Amino acid sequence: MNQLYRDWLEEHKRHLGELAKDLAEIMKRVEQIGAAAEQRLESDEYLGVVRKGFRIWDAADTREKRDYVRRLISNAAGTTLCSDDVVRLFLQWIDYYQEVHFSVIRVLYKHPMSTRWGMWQQLHGGRVREDSADADLFSLVVSDLTLGRVIRQHRETTGDGAFLKKPHTNVPKGSAARTMKSRLDDIDEYELTELGRQFVHYVMTDAVPRIGGGPGKERSAE
């Protein structure tokens, strides 16, 4: 029992140490932003984001997720590139998605227009059976991110952003394939949605443009 108590206390000591370090990082970032962020820091909307962020930070089971929350809170203090509603959505994504989801997001950020096969090669390499658990998991992750509007299949657009219909392909009668379309096909290309790109910008990079300033220098979070 004494050992359990010691382990419990050590865990909470480490947890509080991480919290103090992340708070110091956030304050350092805010100080770098300067006076332009003072009004933002005092707003009820931003303070609501901070409260929700640290609830998710406290419940996070990995250091990576805590880093994402820290970056989001810091970056949201210094820019208004997206609304607080979107920032709260990003917090929900951090809470809900797992490392395997974030790995796919990183692949599409670095290699846009990747097919499912291309993503698989970047993440795992080699081949895998269509009916394997690994293929099931990968297909589930792509489906989760697609339904969550983080990624999508690439489609051409008009000048004003309307999606163009894909051309129909005429398949001669009697020539249908016996097998279903592969879940790791090398045909359809994927990309981040605009929300997905903003998520990477706010959560997976260490700097975003300041309020009223020009483009900031970004460092991608690996």
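The values are calculated or read from the model by the stated rules, or taken from the named source; none is laboratory data. Please read these numbers as outputs of a predicted model, since none were measured by experiment. Methodologically, a virtual Cβ is constructed for each residue, glycine included, from the backbone with ideal geometry; neighbour enumeration extends over all protein chains shown. Heads up: the accessible areas ignore ligands, DNA and RNA and are worked out on the full protein's heavy atoms, side chains in. Shrake-Rupley method; radii C 1.70, N 1.55, O 1.52, S 1.80 Å.
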Here is a check on your reading of the model: is A207 at pLDDT below 90 and buried (at least 17 other Cβ atoms within 10 Å of the Cβ)? yes
Per the filter on the stretch 60-101, residues in contact (Cβ under 8 Å) with a residue 40 or more places away in the chain and under 10 Å from the mean Cα position of the chain (by Cα) are Y68, F90, L91, W93, I94, Y97, H101
Every listed condition ((1) of a type in the set (A, V, I, L, M); (2) open to solvent by less than 70 Å² (accessible area, probe 1.4 Å); (3) farther than 20 Å from R197 by Cα) holds for V141 save (3)
Picked from the stretch 116-130 (must be closer than 14 Å to S182 by Cβ and either in a loop (DSSP other than H, G, I, E, B) or among the β-branched types (V, I, T) (or both)), the residue least open to solvent (accessible area, probe 1.4 Å) is V128
Given the condition of a type in the set (D, E), modelled with pLDDT under 90, surrounded by 14 or more Cβ atoms within 10 Å (Cβ to Cβ) and at negative phi, answer yes or no: does some residue in the stretch 60-83 qualify?
no
Picked from the stretch 135-169 (must be basic (K, R) and in contact with a Lys or Arg (Cβ under 9 Å, 6 or more places away or on another chain)), the residue modelled with the highest pLDDT is R155
Among (1) open to solvent by 20 Å² or more (accessible area, probe 1.4 Å); (2) touching a helix residue (DSSP H, G or I) at 6+ places or on another chain (Cβ under 6 Å); (3) of a type in the set (A, V, I, L, M), V104 falls short only on (1)
Exactly one of D136, D61 is part of a helix (DSSP H, G or I) and out of contact with any Gly (no Cβ under 8 Å at 6 or more places or on another chain), and that one is D136
Within the stretch 9-42, restricting to residues that are surrounded by 13 or more Cβ atoms within 10 Å (Cβ to Cβ) and of a type in the set (G, A, S), the one that is modelled with the highest pLDDT is A37
